[in-house]
Amino acid sequence: MLGSISLLLWGSFTVRAAVEGGFSGTLKTLLCKAASSRPASVTVGALAALTMQSATATALLCCGFVSSGTMSSTAAITAILGADLGSALAARILFLNLSFLPALFLLIGLALHLSANSWKIKTGGRILIGLGIMLLSIQWMKQTVTPIADAGISEDWLSVMQSTPLIAFVFAAVITWFAHSSVAIVLVIASLAQTGLVDSQLSIPMLLGANVGAGFIPLPLVSRSELRARSTVLCNLILRSVATLCLIFTLQWWFVPPLTGQLEPGVEIVTLHILFNLLLVILFTPFATFVSDRIFAWLEQQAAQQSSLYINTAGAGLDINLITKPGEALAAAKREALRLGDLTENMFSEALNMFSAEDKSEIYLLTESDKELNSRNKAIHSYLSRLRQSLNNINQEKELDKILQFSSTMENIGDTVSHNLARLAHKKIGRNASFSKPGMSEIEAIHKSVHQLLTLVINRFASGEVDLKKPLKRKFHEISALCEESVNNHRRRLSDNTATSIESSSIHQDAVRDLLQVATWLSVRNST
């Protein structure tokens, strides 16, 4: 059973990857053209989900368009509702009893993929292979469910879920999110219903749970997107949840009659899935704008509160009252960025002491300031994101970007010390390893040069000078030469079977690599 589900998911991923690789441009064009009309958005969203076998992929496309400003949130929500309907239609097509299709799709798809010269025809072959795998997995699933039903091994847990439909609802929602495919889980539920392993009082709550679980799938994938894009995905989830929760609580005392005595149980489940998503489109499309605007306003409020929290706790000099005075606000942000630079320089200067630590607790103490560094960086970024809307000219834009770049570089250096170099120090203690004296001297020389480069970058940022490009490049070439020389010397010591070099070989080379990475960030990001 698990093997058939895995095969179904793999076939779905194959189709999605092939469509995204070969026809995503066409789908993007259609979605953008359909944005002016809600019925057109629903239709194109459904077609996109049918083609890619994934409503999630369609939702991510729409969120990208919303972030770039090429699609309104209303059009995106209606397209996402349409995509869920298209995903339901895909499940119905895949559940058709066409036993000859899997072999036919696999044969034609493989022939096209191997023999065609055109890249698009090869992609079409991959799509047919994926569809063939999906259809084959469904046949396998149906064959596997029958002995499970006959064995009667699941009566206890089935009776528990039948007595409390909410358990079945939550279980299906979690499994759907974990599988990242509502089509696959709906087909599993339909297969279970087809054999009589579960009745309608259990399969319908599971079906509703799968629908809600599908709404959760895109949330973490758009967590870093623009607020308006996040509001569209959250709007879809809320609309689906409201409808499903109303039904699931009703199902605790409401007997659901079959649609018609002529439909098989599995077909009935898939048909109900289509009807439910069609109902969502009809009922909620008119309210898409209203709900989306309310969610967007709430997200804005949450972002503002989070930003104020960062600023109040970590950015002592970031005065919110200066937001309407860009010049003064930029000066305050630069001052906070310099504090961040001082904190980073102090942390980096102590970095090599981790390699002489005898206990892991000493390493934790040396990296403890990384939390403050991250908080200060978040405060600066939150402050500048609010300030950007008040800027008056391009020079202020450039100054803001310089501060952002500088603070990001400082945070990256802190992360390198607290994560990479600290990990190497832990490894050194765990192996009870030691650097050779020449090896340690080389690392100290590299660290000293990188520290000098860090000081140079902080001084340049503080003064605003642009005449330090040549010193930066010179220092970086010096550090690169020291790193190359250290690696070559280390290899010679390995050839000479130096015991300390052998036991600390990977640690030495990784430390040199991390220090060179810090020098690269400092030189590349500050050479303009």
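The values are calculated or read from the model by the stated rules, or taken from the named source; none is laboratory data. Since this is a predicted model, take the numbers as computed values, not measurements. All Cβ positions, even for glycine, are placed from backbone atoms using ideal geometry, and neighbour counts span all protein chains on display.
All conditions in (1) within 31 Å of the chain's Cα centre (by Cα); (2) assigned to a loop (DSSP other than H, G, I, E, B); (3) not aliphatic (A, V, I, L, M) hold for residue 99, with the sole exception of (1).
Determine if segment 329-349 includes at least one residue that is outside the structural domain of residue 500 (by TED's automatic domain parsing), in contact (Cβ under 8 Å) with a residue 12 or more places away in the chain, loosely packed, with under 14 Cβ neighbours inside 10 Å and outside any helix (DSSP H, G or I). No: segment 329-349 contains no residue that is outside the structural domain of residue 500 (by TED's automatic domain parsing), in contact (Cβ under 8 Å) with a residue 12 or more places away in the chain, loosely packed, with under 14 Cβ neighbours inside 10 Å and outside any helix (DSSP H, G or I). For first residues located in segment 391-419 and free of Cβ contacts under 8 Å to residues at least 24 places away in the same chain and closer than 16 Å to residue 323 by Cβ, partners that are of a type in the set (A, V, I, L, M) and outside any helix (DSSP H, G or I) and lie 6+ apart or on another chain with Cβ distances below 7 Å form the pairs 397/391. Filtering segment 38-55 to residues that are surrounded by fewer than 24 Cβ atoms within 10 Å (Cβ to Cβ), under 17 Å from residue 186 (Cα atoms) and of a type in the set (S, T, N, Q) leaves nothing.
For segment 1-95, which fully contained helices (runs of 4 or more DSSP H) count at least 1 residues that are over 19 Å from the mean Cα position of the chain (by Cα)? Steps first, please.
On the way: elements: 2-34, 38-52, 55-68, 73-94.
The helices (runs of 4 or more DSSP H) meeting that bar are 2-34, 38-52, 73-94.
Residue 120 fulfils the conditions (1) part of a helix (DSSP H, G or I); (2) of a type outside the set (A, V, I, L, M); (3) under 24 Å from the mean Cα position of the chain (by Cα); (4) surrounded by fewer than 17 Cβ atoms within 10 Å (Cβ to Cβ) except for a single criterion, (3). Residues in segment 291-333 that are in contact with an Asp or Glu (Cβ under 9 Å, 6 or more places away or on another chain) and among the acidic types (Asp, Glu) were compared, and the one that is modelled with the lowest pLDDT is 319.
Scanning segment 402-435 for residues that are among the hydrophobic types (A, V, I, L, M, F, W, C) and outside any helix (DSSP H, G or I) returns 433, 435.
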